[in-house]
1. Which ranges mark the helices (runs of 4 or more DSSP H) fully within the range 36-131 that have 1 or more residues being over 29 Å from residue 143 (Cβ atoms)?
2. Residue 270 passes all but one of (1) closer than 22 Å to residue 246 by Cβ; (2) free of Cβ contacts under 8 Å to residues at least 60 places away in the same chain; (3) part of a strand (DSSP E or B); which number fails?
3. Give me a count of the residues in the range 12-35 that are part of a helix (DSSP H, G or I) and touching a residue at least 40 places away in the same chain (Cβ under 8 Å).
4. Taking the range 325-374 as the region of interest, how many residues are buried (at least 23 other Cβ atoms within 10 Å of the Cβ) and either assigned to a strand (DSSP E or B) or outside the structural domain of residue 394 (by TED's automatic domain parsing) (or both)?
5. Could you check, for the range 147-154, whether at least one of its residues is touching a helix residue (DSSP H, G or I) at 6+ places or on another chain (Cβ under 7 Å), crowded, with 20+ Cβ neighbours inside 10 Å and in contact (Cβ under 8 Å) with a residue 40 or more places away in the chain?
6. Pick out the one residue from 405, 393 that is surrounded by fewer than 16 Cβ atoms within 10 Å (Cβ to Cβ) and assigned by TED's automatic domain parsing to the domain that holds residue 333.
7. Looking at the range 161-178, can you tell me whether even one residue there is closer than 25 Å to residue 382 by Cα, touching a strand residue (DSSP E or B) at 6+ places or on another chain (Cβ under 6 Å) and outside the structural domain of residue 376 (by TED's automatic domain parsing)?
């Protein structure tokens, strides 16, 4: 199967059948065994099209007689991929993009569909000068939404939360392609030695600024070619996510609870930092996700992790005063990591976010019961939504005077004069993340 056809099938699975793009892409690459050039073309087609979805649909609505949401999913997928090549991939000849789209429409649709696709794509080339995004002074929300590919309701929220200048910077950040970040498995190798091995294989890499084990790959060969992952020398984990275990600060002899732990990035990090004499209990509500933690622990050579099937909301009554440290990596809206999952940015709805703070409060309440006197409670999310971050922790502290804040705003090379570590993409150049550390009084 060629790269364009594979991209069509992946896009159809994501947009029509609600498949997750990262899983669908990984499975396709493994199955098709593309060479490096084909893999890069395929992944750019899929992720680029998904990232630009609202702009591509805006083009379709301006050019066609039928609105994008009314089109057959097959036709819509073909048009989106074709328009992405025409408007975003300069190295693809327009004739090739149009001809391949028409061929796909004949193959997977019918003659009428192929004529419609041909007319719309070639019309987009003739009318390109007319397809101008509204200016900021005319419609700021629409300008930012179409230029940087975000939903309009999110733009409005960010304008309210951060103001015009920071919202524009935030949108620019989320419209970039994230580099691959690896966490060194210091249980087996140092970061310096791992970087030397990567460079010996022709990979350009650099040390992360804040995460002591973090390595960025500026050339991404694809996960299936990264042998160091299979060998257990490293684990793919974004830099802000690596900071949570350091702030938790596991020590030899500690009993650590990691709630909502799958797929195990933070749990395995806690286990590596704490050493063999530290015991990490990784809890999750889904059995199949616990298997991912076990697989990661085995691959990394960590024997001090035990997985337990348990609802985080109920854990407090079962393990009262048992842990030296509890890490709550709370379920959240994920609004800090939108550049990593381009398909999910279009699935977010305001009504999906509203119930989250109540759930987070319940989990934090339950987790707090597990903390020994003198122990610590760490709360983290990958969102920039304050209602899920400082508001949740502040409400908890109002009701629990036995806990006090341990300021972490200046840890790990940050210079934020705040009690919590609040990472904002537009300010810090990293994915949005929030970490609060609380101590239970003796």
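1. In the range 36-131, the matching helices (runs of 4 or more DSSP H) lie at 36-51, 73-88, 94-108, 111-126.
2. Status for residue 270: all satisfied but (3).
3. We begin by selecting, within the range 12-35, every residue part of a helix (DSSP H, G or I); these are 12-17, 21-32.
From what is left, the residues that are touching a residue at least 40 places away in the same chain (Cβ under 8 Å) are 12, 14-16, 21-22, 26, 29-30.
Final tally of qualifying residues: 9.
4. 6
5. Checking the range 147-154: at least one residue is touching a helix residue (DSSP H, G or I) at 6+ places or on another chain (Cβ under 7 Å), crowded, with 20+ Cβ neighbours inside 10 Å and in contact (Cβ under 8 Å) with a residue 40 or more places away in the chain.
6. Exactly one of 405, 393 is surrounded by fewer than 16 Cβ atoms within 10 Å (Cβ to Cβ) and assigned by TED's automatic domain parsing to the domain that holds residue 333, namely 405.
7. From the range 161-178, those closer than 25 Å to residue 382 by Cα are 161-178; that's our starting set.
Then keep just the ones that are touching a strand residue (DSSP E or B) at 6+ places or on another chain (Cβ under 6 Å); that gives none.
Checked the range 161-178: no residue is closer than 25 Å to residue 382 by Cα, touching a strand residue (DSSP E or B) at 6+ places or on another chain (Cβ under 6 Å) and outside the structural domain of residue 376 (by TED's automatic domain parsing).
Yes or no, residue by residue, for (1) at positive phi; (2) touching a residue at least 60 places away in the same chain (Cβ under 8 Å); (3) touching a strand residue (DSSP E or B) at 6+ places or on another chain (Cβ under 8 Å):
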{"site": "356", "(1), (2), (3)": "no, no, no"}
{"site": "363", "(1), (2), (3)": "no, yes, yes"}
{"site": "370", "(1), (2), (3)": "no, yes, yes"}
{"site": "390", "(1), (2), (3)": "no, no, yes"}
{"site": "416", "(1), (2), (3)": "no, no, yes"}
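The values are calculated or read from the model by the stated rules, or taken from the named source; none is laboratory data. From a predicted model like this one, the values you see are computed outputs, not experimental measurements. Virtual Cβ from ideal backbone geometry, glycine too; neighbours counted across all protein chains shown.
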